[in-house]
1. Test of understanding: what is the full-extension gain from residue 11 to residue 441, defined as 0.36 nm times their sequence separation minus their Cα-Cα distance?
2. Using a 7 Å offset from the Cα along the Cα-to-Cβ direction at both residue 763 and residue 692, what is the distance between the two label points in nm, to one decimal?
3. Once you have the Cα-Cα distance between residue 165 and residue 105, take 0.36 nm times their residue separation minus that, and quote the gain in nm to one decimal.
4. With labels modelled as points extended 7 Å from the Cα through the Cβ direction, what inter-label distance (nm, one decimal) is found for residue 349 paired with residue 534?
5. Can you tell me what the convex hull of the Cα atoms of region 640-748 projects to on average, as an area in nm²?
6. Under a straight-distance cross-link criterion of Cα-Cα below 16 Å, which aspartates and glutamates are reachable from residue 467, leaving out those fewer than 8 residues away in the same chain?
7. For the chain, just run the numbers: alpha carbon Rg, then divide by 2.2 N^0.38 Å, N being how many residues it has.
8. At 0.36 nm per residue, minus the direct Cα-Cα distance, what do residue 112 and residue 131 gain on full extension? Give it in nm, one decimal, please.
Amino acid sequence: MTNERDMTSGLPRLMDAADKAARQIPPLWPLASHVAVNPYLGQTSSTLAETSALLARISATPVTMTRQWYLDRIGNGEIEPRDLAGALSACPSAAGPQTIEELVAAASTPRLAIEALPTVTDLAADADGTDWPALAAERIGAWAAGYFDQGQALWAAPRERSAWAAFRAHATHDLTPEILGLKGFARFVADAPDTSSVAIARAVQTLGLGQAALATYFHQLLFSLGGWAQYARYQLWQAELAGGTDSTIIDLLAIRLIWEEALFSQAHDKLLEAWEKARTAHEAPVAPTQADVIDAILQEAAERAAQRRLAATLAGPAAPVGEDRPALQAAFCIDVRSEVFRRALESVDPSIRTLGFAGFFGVFASHRRFASDVHEHRLPVLLNPAVSSCSGSVAQESLDLAARYKARATRAWGRFKLAAVSSFAFVEAMGPVYAGKLVRDGLGLHRNKAPIEPAPRFVPELDLATKISSAETVLRAMSLPDGFARIVMLAGHGANVVNNPHASGLHCGACGGYSGEVNARLLAQLLNERQVRDGLVPRGITIPEDTMFVAALHDTTTDAVTLYDQDAGTQAHQQDLRQVRGWLAAAGRLARGERALRLPRAGSKGQGIGRRSRDWAEVRPEWALAGCKAFIAAPRARTGGRSLEGRAFLHDYNWHQDSANGFKVLELIMTAPVVVASWISLQYYGSTVAPQTFGGGNKLMHNVVGGVGVLEGNGGLMRGGLPWQSVHDGEKYVHEPMRLSVCIEAPREAMTDILKRHPGVRELFDNRWLHLFAMAEAGGLAWRYDGNLSWSRFDVAEQAAGASQRQAA
């Protein structure tokens with residue numbers, strides 16, 4: 001009784017440490033709605049050098065490229081002395097080099113191999129030669145695959161228990177650990193406390209851990225569980241977003257700890273001395289070493305070199321903007337893939353204007369597809385849905401019912417094919433019937449179709465006042481309160497690929513990992529309503545009688561664009577739409593030709609791009625957002641006519657219009673789209689600098705597990721992050737790991753005020769996970785944010801010289 005009292009007396013402090021460790025883990029969204037996540041989400045309160053020290057301690061994970069990568073760029077002139085000097089001044093440290101010469105000399109010296117502190121499973125493996133870390137990962141993974149299953153398994157594991165209770169029930173019948181030498185493990189688990197919190201307390205007591213060691217040790221154990229801990233963190237994220245909580249990730253910590261406790265109890269005498277050293281090291285504060293500081297400075301220098309080139313591009317001559325009414329205004333998502341298509345479309349005809357806006361188009365919808373009860377949150381994952389919608393009208397209920405019956409029959413047939421007994425007879429009897437389908441699919445002879453469903457509608461229907469307010473909010477956020485064309489196209493985006501578990505990751509991140517046509521169609525219908533337009537007039541927004549809003553879907557894999565003009569009365573605009581389709585087709589050809597230069601085996605003019613989307617064996621159907629390095633919020637005139645090479649998020653923004661409203665749109669941009677873009681940028685960054693830890697592994701070895709993620713092989717840890725083929729073409733990296741440069745044309749005072757009021761956003765900039773620049777109205781970069789709410793002038797002469805060199809070249 002005394003022991004139990006001792007274990008539980010410090011429980012609040014233990015649980016606080018466990019909770020803090022859980023929040024160091026990034027969430028992992030399931031494959032159905034896979035979105036990019038910042039792998040350093042739990043470390044944004046630290047600098048890159050501090051994060052390097054932390055991850056070195058718990059996992060030997062690098063946070064930058066190798067020294068040789070930077071040295072090569074110094075040698076070929078990409079990184080210039082002024083970039084190195086700027087980086088040194090931006091990252092002052094007594095532990096680091098003080099001069100450019102010292103920094104270059106440090107870059108010439110390879111960093112010593114990083115060694116993480118050992119866990120008990122590591123020490124036990126060293127002691128008896130059994131790979132206990134791999135075994136623990138494999139057995140926990142085997143249980144987790146069933147527990148977290150979302151419908152892939154034909155025989156589903158029960159989910160009414162907590163993760164801790166379910167694991168105990170599983171582990172008491174799993175003899176694998178005992179067969180391999182962990183004697184009595186099943187009994188050890190059966191005798192464990194009934195609650196995960198008390199089990200954690202008992203393990204901490206057994207291992208002799210002091211309070212100071214818990215932060216990094218708990219973090220290390222959760223980190224060692226890879227994607228399983230990340231998926232449990234996702235469940236906590238979703239629960240808190242809905243106003244609740246979830247203890248699954250704490251249960252996982254207890255599960256991992258019981259392996260540590262059991263091995264320590266079995267081999268106490270062999271492990272004690274080495275474990276005491278590791279335990280003491282965990283108690284020491286995390287502090288960057290000289291090597292950590294050097295690597296952070298080199299990364300800063302590489303980013304300053306990229307910023308200098310971006311500044312030169314933005315300082316070049318602007319494309320003339322016509323004063324006449326445009327024939328077409330096309331609003332695209334801010335996604336970097338839109339930049340290539342927007343530039344191509346604008347080049348087709350001078351009467352075309354394009355603009356950028358977050359791809360969910362201000363519609364925070366929880367949507368049900370036609371004949372489906374699944375609610376898809378088509379909005380940024382940082383937010384909760386504000387409205388509900390579904391595809392199809394009340395008059396289409398009979399079609400809805402027929403589609404449901406068909407879907408159920410299809411699912412039943414699929415289950416029959418895979419069932420334990422019938423699968424054998426099925427292959428023998430029905431194999432020849434599928435020969436034709438196998439040939440068609442294997443050779444990519446079928447055509448991928450864009451999602452064509454009945455028009456979506458709000459459920460329940462919005463009242464008129466809400467519709468008018470929503471329309472005004474969205475139009476002002478798009479910087480589009482006037483100057484409407486006859487056709488205003490709202491283009492969401494998605495990707496149409498086959499045999500790709502990460503397909504949803506190619507869709508729109510702002511739409512929660514879904515394609516963006518639903519949001520675009522809902523907004524287009526809203527803006528075409530007569531009563532809504534009439535209600536906008538007193539609010540200073542007059543939409544001409546002949547303006548029609550039409551939704552569209554940009555397929556980023558093939559650069560084909562589908563118009564949903566059937567949602568609106570189009571009789572008066574048939575000729576306009578024919579012309580628009582011709583422009584879109586021409587722009588698609590140009591965009592495919594440009595993208596083909598980067599894609600392996602795409603053909604000189606992009607002839608092979610369409611085939612890639614239908615090819616089972618294609619591991620690189622598109623590059624998605626690889627190469628992203630900048631976010632620009634400014635009028636299109638600041639970027640129009642300049643090639644940003646599909647590497648910049650482009651958000652239209654006019655601060656003069658926004659200033660009268662207290663810079664509400666600027667605040668929205670800095671706290672939502674910028675944060676989402678940072679998640680994307682840093683996921684690509686992490687998957688490039690540390691592919692073994694933050695990458696998704698090799699696509700050729702992927703197996704889908706539980707319908708929620710992928711394994712690399714047939715067991716072990718679930719992998720998060722981007723597959724290797726998403727950042728590497730087989731010979732070289734296609735993504736340069738750069739923290740995002742955020743360039744906004746707005747008064748510095750307004751941006752500073754927003755940073756003061758949003759400490760989480762300020763952390764991203766103060767700790768240099770993002771770089772912030774104020775743009776000049778004449779174009780180019782004018783001010784650099786230095787952190788701590790201070791700014792310094794960007795070297796205008798330097799960027800002008802760079803622009804002159806680009807023109808001369």
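1. Length difference between fully extended and current span is 149.1 nm.
2. Between residue 763 and residue 692, the simple spin-label model gives 2.9 nm.
3. Details: separation 60, 0.36 × 60 = 21.60 nm, distance 5.54 nm.
Between residue 165 and residue 105, full extension yields 16.1 nm more.
4. So the label points at residue 349 and residue 534 sit 3.2 nm apart.
5. 9.8
6. Here the aspartates and glutamates satisfying the reach criterion relative to residue 467 are 529, 534.
7. Cα-based Rg divided by the globular estimate yields 1.00.
8. Values: separation 19, 0.36 × 19 = 6.84 nm, distance 2.49 nm.
Between residue 112 and residue 131, full extension yields an extra 4.3 nm.
The values are calculated or read from the model by the stated rules, or taken from the named source; none is laboratory data. Predicted, not measured: the structure shown is a model, and the values here were computed from it. Every residue, glycine among them, receives a Cβ derived from its backbone with ideal geometry; neighbour counts consider all protein chains shown. These area figures cover heavy atoms from the full protein model, side chains too; ligands, DNA and RNA do not enter into them. Shrake-Rupley method; radii C 1.70, N 1.55, O 1.52, S 1.80 Å.
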